Amino acid sequence: MLRDLDVSLTEASSGFEALSLLERQPFDLVLMDCHMPGMDGMSVTRELRRRMGPNRQTPVIAVTGAGEPTHIAACHEAGMTDHVLKPIDAAKLIEAMGRALMPSEDSATQPPADAYSAGAVTP
C-alpha cells in the first residue's frame, strides 16, 4: 500500500531494529506497529521520545488492531501522535499521514485518528 504512494520506505522487522534505525537516520514520519517482535511499538516510541536522537520529535503514527479508547490513550501517552486501525484503510492512512506531515493550527487540540507501523517512512 505504501509503495503505491511513491514514498521512500524503510522497514524494520522488530522493535529493536526499528529503534536502531531511528537512532541513526532521520525520517519525516514513522508508522509504528504496536505489536512488533522483541519490543512493542509503544516501548519503542517511549524510548525514541526519551533519547536525543534525530527522530525525537518525528511524528509517530501507531498501527494497531485495538481501537478501544484505553489502548488509543496508551498510544498517545507513549508519545505517538496519531493512530490507524488494522485492517488498514488506505484513505485513513493517507489522512493520518497528511495530518502528521502538515499539522493544522488546531491539531494540538484534535484527538488522533488511526495508526500502524511496519517501519519508518520518508516521503
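In segment 87-95, is there at least one residue being among the charged types (D, E, K, R), closer than 15 Å to His35 by Cα and either touching a helix residue (DSSP H, G or I) at 6+ places or on another chain (Cβ under 8 Å) or not in a helix (DSSP H, G or I) (or both)? No, there is no match, as no residue in segment 87-95 is among the charged types (D, E, K, R), closer than 15 Å to His35 by Cα and either touching a helix residue (DSSP H, G or I) at 6+ places or on another chain (Cβ under 8 Å) or not in a helix (DSSP H, G or I) (or both). Within segment 50-76, being in a helix (DSSP H, G or I), over 12 Å from the mean Cα position of the chain (by Cα) and surrounded by fewer than 22 Cβ atoms within 10 Å (Cβ to Cβ) holds for Arg50, Pro69, Thr70, His71, Ala73, Ala74. Scanning segment 35-47 for residues that are surrounded by 13 or more Cβ atoms within 10 Å (Cβ to Cβ) and more than 11 Å from the chain's Cα centre (by Cα) returns His35, Met36, Gly38, Met39, Asp40, Ser43, Arg46, Glu47. Does any residue of segment 54-61 turn out to be at pLDDT 95 or above, among the basic types (Lys, Arg) and in contact with a helix residue (DSSP H, G or I) (Cβ under 7 Å, 6 or more places away or on another chain)? There is at least one residue in segment 54-61 that is at pLDDT 95 or above, among the basic types (Lys, Arg) and in contact with a helix residue (DSSP H, G or I) (Cβ under 7 Å, 6 or more places away or on another chain). Within segment 15-39, the set of residues being assigned to a loop (DSSP other than H, G, I, E, B) and in contact with a helix residue (DSSP H, G or I) (Cβ under 9 Å, 6 or more places away or on another chain) comprises Phe27, Asp28, Cys34, His35, Met36, Pro37, Gly38, Met39.
The values are calculated or read from the model by the stated rules, or taken from the named source; none is laboratory data. Here the structure is a predicted model, which is why all the values come from computation and not from measurement. A quick note on method: Cβ atoms are made from the backbone with ideal geometry, for glycine too, and the neighbour counts reach across all protein chains shown.
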